[in-house]
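Okay, structure first, notes after.
What follows is calculated from the coordinates using simple rules that are stated; it is not laboratory data. Just so you know, these numbers come straight off a predicted model, no measurement behind them. Here Cβ is always computed from backbone atoms with ideal geometry, including for glycine, and neighbour counts include all displayed protein chains.
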Amino acid sequence: MSRFLALVVQTLVAVALAPALTGFIRWLKARLQGRRGAPPWQPYFEIRKLFGKEAVVSHTASWIFTATPFVVFSTAVVVASLVPLVVVPSGPFVAGDLFAAVYLLLLGTFFLALAGLDTGSPFGGMGASREMTVVALTEPTVALSIVALALNAGSTSFSQIVAHTLAEPSAALGSEHLLAFAALFIVTLAETGRLPVDNPSTHLELTMIHEAMVLEYSGPYLALVEWGAALKLLIFLALAANLFVPWGIALSFSPVALLIGLVSLIVKLAVLSAAVAVLETRVAKLRLFRVPELLSASFVLALLAVMSTFLAR
Amino acid sequence: MNALFSQLVMLGSSGMLLTALIVLWRKSVPSYISAYRWQAWLLAAVTATVAYFAGDRQLFAVAAALVALKGFAIPALLRTMQQRFGAQPQIKPYVNTETSLCVAGLLVMFAYVLARPWMAVTHLPTRGGLPLAMALLFVSLFIIVSRRKAITQVIGFLMLENAIALLAVVGTYGVPLLVEVGVFLDALMGFLVMQIFVYHIHETFDTIDVEQLTHLRH
Amino acid sequence: MNAMGVALSVMVAGYAAGACLAALAPSPRAARLITALGALVGGSGGLAAAIIVFATRSPYDVAFPNLVAAAGGVVLRLDLLGALFLALVAAISLPAAVYGITYTAAYEGRRSLRVFGLMFNGFLLGMCLVPCAGNVFTFLLAWEFMAVTSYFLVMTESDHPETRHAGLWYAAMTHFGFVLLVPMFLLMAPGADQTSFADLRAGAALLPAAVRSGVFVLALVAFGSKAGIVPLHVWLPRAHPAAPAHVSALMSGVMIKLGVYGLLRVAVDFLGTGPAWWGGLVLLAGSLSALGGVLYALAENDLKRLLAYSSVENIGIIFLGIGAGLVLESYGLHALALVGFGAALLHSVNHACFKALLFLATGNVDHQAHTRNMEQMGGLIKRMPQTATLFLIGSAAAAALPPLNGFASEWMVFQALLSGAQIPRPEVAIGTPLAVGVLALTSGLAAACFVKAFGISFLAMPRSEGAAHATESHWSTRAVMGVLAAGCVLLGLAAPRALGGLSRVLVSLSPGKSIAPAQTRAGVWLLSPHGIAQVSPLLIAALLTSVIVVVAAVMRVRGLELRHADTWGCGRIRQTPRMEYTSSAFAEPLRRIFSELYRPAEDLSVSVHAESPYFVRSITYTSQVVPWIETAFYDPVIRGTRALATHVRRLQAGSVHVYLLYITGALVVALAAAWWFE
Amino acid sequence: MRLFSKIWRIGIATEPLLAGDPAAIDIGRALERRVTRLFGRALAIRLVDAGSCNGCELEIAGLASPIYDMERFGLHFVASPRHADLLLATGPVTRNMEIPLRRTYDAMPSPKCVVAIGDCAKTCGVFAGSYAVVGPVDSVIPVDASVAGCPPEPSDILRGILQALDRRPSRSHVHAVRG
């Protein structure tokens, strides 16, 4: 029973931590641009404000528009319960493995794209079309990096992969781990709409990909969608951290191990989000039709990762 | 000890392969030059690790020579070449970027399949690097074939020479010093000839697009 | 006359009676009702027979040697594999038949419903007999009967020129497949009189390796052309849109699965283990079909052609599962091979369910909005809410989204391909990740394709008069689609139970080899071959609904002020449908990225005023995705046959004497050959 | 690496918000207590140029620069009025911009507020009486506060917005800001 409780607590921690992660990235980018910037816990104020506001729904929108925020948020929460954050989810209550997590996020994006099309505005359609293009091109890279990890560990379940890396520390230095990590990092940037694929803080509708789909949302619906997107970013960064550098993750459910797991998770997320912030200060946004080149480069990286797993055998 | 040795060598050689992929991916010649410099430094690092673990004094000298010549001299020469004819319009290569990356992926797989029997033969800890060296060879050949700017082809040729050096180091702990110097000298000669060659193309065609050479026929 | 005999006779009698009575029906309305009644009775008989075989787990034989004794008589043999596909045909034909009642009402004035009823029941009878066939003659008879009746069904709306064109392509391709089936069976049959499947199975073991490979390649091409794998798929996107909705639902849902049944019967049941390149060939065909199908589905503007290409894609996924199974089988890993075949069978069942639902929903839209072109649809969710919701369930299942059935089978195909990577051989170890990459790219593009299919045709504002005045169709069509949608959801949640049943089917195919690995746990979890990775669609669905309920409750407690206003369009005056995204606009980024594969035929024409070339009157740009596979493959073949035909025509000299000369010449040659071979 | 060394050298360039002359800002309508508390820490701003000569836009663009850095007060620009809480209107409302301005105001979810920036927005300024001008902003949509000046200083605009939300700069969470 304590195992189930720990998983619930872990999911709630992830949900609570997600806005702080986006806030930290925004704060660090501000500091890198020489501005004082809003404090890292600013997103919590924004979410509180949005919940207090009225929701405006377009006449042409159907029930899909109002249902999508719930679907996007719930898919992100369910994936947070599958992914190894503080403790490795094992035992009977694990609902899925890496593939299930990826396809659940695809469910969220599927409905978000439909909501973008639903209001009939050209921005929503443009955002939906580009988002589905980017998601379709990232799928093979995600699958191959999962294959590269799974081949080493013998299965696509998280607990197996983490246990394998812990058992064999030299594997973490192996080229397949580094290549798969690089591929997954590029996919993280593409999937969560960070620079160089899509600029999260842009105001020009024509350059948006993720933002354009949520232009029509307001009030509590917008809060749910933004929270879901922040949670998705946390999930991807936690995946990249815990699958490749799993030290510190709690294997047992004792309070001490859980505490160490939480602290190590926060440290790893801080390091990775700092890397994202630094990268976003350094890199400009790619033109939409240069993004497939970036994604095919990450696909080749993932392919090389799979190749080198056979080499080691 | 051996595990760390082979792991480091594989890390170094896969790094070299990645720098070759950068040439296929990016579109600016200065980034090719820095990729080549990184590759030269990694080659020197691999040679040094092999020298350290195999306890072969000569390889340290070879590594030092590599750093001096390929780490500093050739990139400098390339940069002067780039400054003189660098300001060229973007010439579209024969193969667009996505396809050339996928072709590179397939070439790497072909190299792995090809190198499989060799790995069974050698029992050196560095045998892991053999397919990577073969892959680097194929990728640099593909660069020479698929790119139209003369400078890029020169860089492709130099990476080819790096691949041969890596193959030697990984396959047989480095060929004797004399052979190494010999190989390197004729590569240098090739490079100098190409430099003059590029200069002349620029003079006659006012562009360094190799495509123009076909006009010489009629 | 035990229960099985009764069930089979009810099936045959139901269809036969339905066919004949429909042909003699007094009024078109009566013909429609009789057609549906016959199909329902026949279908339930077939379903009962399949269930009995499943329950008793023992095959059932019945023979009528005196019927056409020369060819070995009509022998029916229903084993577990045949029962699965019979159940699939019967299960999908029941809702399609009920749907047909109101759908064919539109044909009353224009088409002869009597002929349609005759052909419809004949088609269903043919499809039910194919899995029951016990010997070569019955199989070929049922196969040809199914092909001919389906040709007439495709030609129901033969006043449109493209329907006739589609019928021509369809007839040519199915008979190309049939022509290859006959030599395949001849190669396998040991003797003229031993043509029952049991003899074939025994004989196949003694065949030399070259002949076995020849039989396999013939089977792959023949059954592949019926299933619609890429080089042989050209009839599918032509025939399905031409046929009425419930017929194309049957064709796309079940008829192409009989191609999969045939391949499994020959490759797994008769030939057993073969060399690794068999699996490689099937994997190659699967990857080409999966990628080709989804890419052309994305570029399609006609909803039914989009679904037809999506069928090609799903057949590709099924072939990937079979290919993985064959490769594993050739390396002796029988337990893992069963995972591959199980995944392929599960995906066949799932695809039949959601593709039939999608085609029936498209039929509704076609009749109400009088168009199949997605450019002219839009806003249908407000005028046809139930049809839109059911279409959404179907497209979510087709895009392999978690709690539904598409995800469960695609997850199993992933695990099967992954277990292929354990084989140390380099070419296999490299082939399987490529296949995993292809499958992942296909599922990503399928998700984009079905966002387009649903989003562009059902959401935002109507872009044509027809779409603006569409209303919900007859309640029976929606009830029937509801049944299929419930099937999709149930198959998704109870996938582990379904997979348990399927692995029983596969174990029966290879008795004594090895037991199937534990692929399910407590009927809730799907397990990967090594039992470590697990996924439970039921638990995922439960977690999703619980989180949605909690969040919705919190929002309700806090109170949600809602206001309706116009869509934000940078403050412009009116929101018109012209500003929406259309299907070609949605697919344009992907068309540009994959332009190397599409090779669109683009032409740009600028017309200028007569006075001066610098004043442009109009610029027209058309970009058309012409499937270059046909122009590259089929045009030379067609030209070659036409050239050959002109030469042969010279033989028709027209004078009787020349014909007599031919006869005597042929006689002389035959006698000389018989003497020489003596 | 040169970029990061420059970043390291320059450090934080934000200057504290000095108190300008209070005459520039006049609060037309005081927002209720509930609204100011809601916008206490976070506010999304949508800028509408209702016919201005872009002088005010340049100053408003200065708000997002490191010197004035409005983000430290929790203000940030958004693309769509659906996400916005405050409408910054600049320029006299010309004939063509009257309907778009009203539609933008309607598209914003309530509670919402409007701040008119510059003399033109307040009293049509130099363009008063022109045939193309409908009138000042408050003749089209209700205005909560307006900032005079042609163009007003970015610090004036910032203080105008903060005072419209009844947020004394000293009381807000930014340190070392003299009220």
Practice task
Mind listing the long-range amide H neighbours of D:SER146? Cut-off is under 5 Å, sequence gap 5 or more, other chains count too, H placed in the peptide plane at 1.01 Å from N.
Solution key: D:ASP26, D:GLY28, D:ALA116
Completion exercise
In a Gaussian network model of chain A with springs linking alpha carbons closer than 10 Å, the residue among A:THR66, A:THR75, A:THR141 that fluctuates most is A:THR66
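Mean residue ellipticity at 222 nm from the helices of chain B, using -39,500 (n - 2.57) per DSSP H segment of n ≥ 4 over the full residue count, to the nearest 500 deg cm²/dmol?
Values: 8 runs with 167 residues, N = 218.
Using -39500 (n - 2.57) per qualifying helix, the result is -26500 deg cm²/dmol.
Using only DSSP helix segments of four residues or longer, with each worth -39500 (n - 2.57), what per-residue ellipticity at 222 nm results for chain C after dividing by its residue count and rounding to 500?
Calculated from helices alone, the mean residue ellipticity at 222 nm is -22500 deg cm²/dmol.
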Exercise for the section: Would you look at the GNM of chain D, springs on alpha carbons closer than 10 Å, and say which of D:ARG34, D:ARG167, D:ARG46 moves the most? Expected result: D:ARG34
Exercise for the section: Hand me the tally of lysine pairs in chain C: alpha carbons under 22 angstrom apart, and the pair either on different chains or 8 or more positions apart. Expected result: 10
Fill in the blank from the handout: As straight-line cross-link partners of D:LYS122, the qualifying lysines (C-alpha separation under 24 Å, not fewer than 8 residues apart within one chain) are D:LYS112
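DSSP loop GluC sites (Glu not before Pro) in segment D:41-132 with at most 16 other Cβ atoms within 10 Å of their Cβ, which ones?
Values: sites: D:GLU57, D:GLU59, D:GLU71, D:GLU98; in loops: none.
Within segment D:41-132, no GluC sites (Glu not before Pro) qualify (loop, at most 16 other Cβ atoms within 10 Å).
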Completion exercise
Other residues with Cβ under 13 Å from the Cβ of C:VAL254 give, with Lys and Arg +1 and Asp and Glu -1, a net charge of +3
Practice task
Counting other beta carbons within 10 Å of each Cβ, put C:HIS175, C:HIS609 in order, fewest first.
Solution key: C:HIS609, C:HIS175
Exercise for the section: Please report how many Lys pairs in chain A have alpha carbons closer than 28 angstrom, counting only residues at least 8 apart along the chain or sitting on separate chains. Expected result: 9
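Rounded if a/c is under 1.5, else prolate if a/b beats b/c, else oblate: with a ≥ b ≥ c from the C-alpha gyration tensor eigenvalues square-rooted, which is segment C:628-677? Don't jump to the answer; show the numbers that get you there.
Numbers: a/c = 7.74, a/b = 1.88, b/c = 4.11.
Oblate.
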Practice task
State the antiparallel share, in %, of DSSP beta bridges confined to the protein assembly as shown, rounding to the nearest 5.
Solution key: 55 percent
Practice task
Treat the protein assembly as shown as a sphere of radius equal to its Kirkwood radius over Cα pairs and apply Stokes-Einstein at 37 °C in a medium of 0.692 mPa s; give the translational diffusion coefficient in µm²/s, rounded to a whole number.
Solution key: 94 µm²/s
Problem - Taking segment C:307-449 and dividing mean pair separation by its residue count, relative contact order in percent (alpha carbons under 8 Å, at least six apart) - result: 27 percent
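At most 15 other Cβ atoms within 10 Å and a DSSP loop assignment: could you name the chymotrypsin sites (Phe, Trp or Tyr not before Pro) in segment D:99-161 that fit?
Working: sites: D:TYR105, D:PHE127, D:TYR131; in loops: D:TYR131.
Here the chymotrypsin sites (Phe, Trp or Tyr not before Pro) that fit, given the DSSP loop and packing criteria, are D:TYR131.
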Handout entry: Helix-only CD estimate at 222 nm, as mean residue ellipticity for chain D, using -39500 (n - 2.57) per DSSP H run (n ≥ 4)
Key = -8500 deg cm²/dmol
Problem - At 1.567 mPa s and 4 °C, Stokes D of chain B from Kirkwood alpha-carbon radius, µm² per second - result: 72 µm²/s
Completion exercise
Cross-link reach from B:LYS92 to aspartates and glutamates, straight Cα distance under 16 Å and at least 8 residues apart if same chain, gives A:GLU293, B:ASP209, B:GLU211, C:GLU596
Fill in the blank from the handout: Phi-derived 3J(HN,Hα) across segment C:301-308 with the Karplus relation (6.51, -1.76, 1.60, θ = phi - 60°), rounded Hz, x for Gly and Pro, is 9, 8, 4, 6, 5, 4, 5, 5
Problem - Shielding score for A:146-159, defined as the mean number of other chain Cβ atoms within 10 Å - result: 5
Exercise for the section: Using the Karplus curve 6.51 cos²θ - 1.76 cosθ + 1.60 with θ = phi - 60°, work out ³J(HN,Hα) for each residue of segment C:379-388 in order, rounded to whole Hz, and write x for Gly and Pro. Expected result: x, 6, 5, 7, 9, 10, x, 5, 4, 5
Fill in the blank from the handout: Any helix of chain A counts here only if DSSP assigns it H throughout, its Cα atoms span 20 Å or more along the axis, and its mean Kyte-Doolittle hydropathy is at least 0.0, and such helices are A:2-32, A:63-82, A:98-118, A:122-153, A:175-191, A:219-244, A:255-282, A:291-312
Problem - Max mean-square fluctuation residue, GNM over chain B, Cα-Cα springs under 10 Å, options B:GLY55, B:GLY171, B:GLY129 - result: B:GLY55
Fill in the blank from the handout: The set of residues whose placed amide H lies less than 5 Å from the amide H of A:SER201, leaving out same-chain residues fewer than 5 positions away, is none
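Please sort by residue number the GluC sites (Glu not before Pro) in segment C:601-644 whose DSSP state is loop and whose Cβ has at most 11 other Cβ atoms within 10 Å. It would help to have the intermediate numbers written out before the result.
Working: sites: C:GLU602, C:GLU611, C:GLU630; in loops: C:GLU611.
Answer in residue order: C:GLU611.
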Exercise for the section: Report ³J(HN,Hα) in whole Hz for each residue of segment B:158-166, in order, from the Karplus equation J = 6.51 cos²θ - 1.76 cosθ + 1.60 where θ = phi - 60°; Gly and Pro get x. Expected result: 5, 5, 4, 5, 4, 4, 5, 4, 4
Exercise for the section: Restricting things to alpha carbons, find the Rg to Rh ratio for chain C using the Kirkwood radius for Rh. Expected result: 1.00
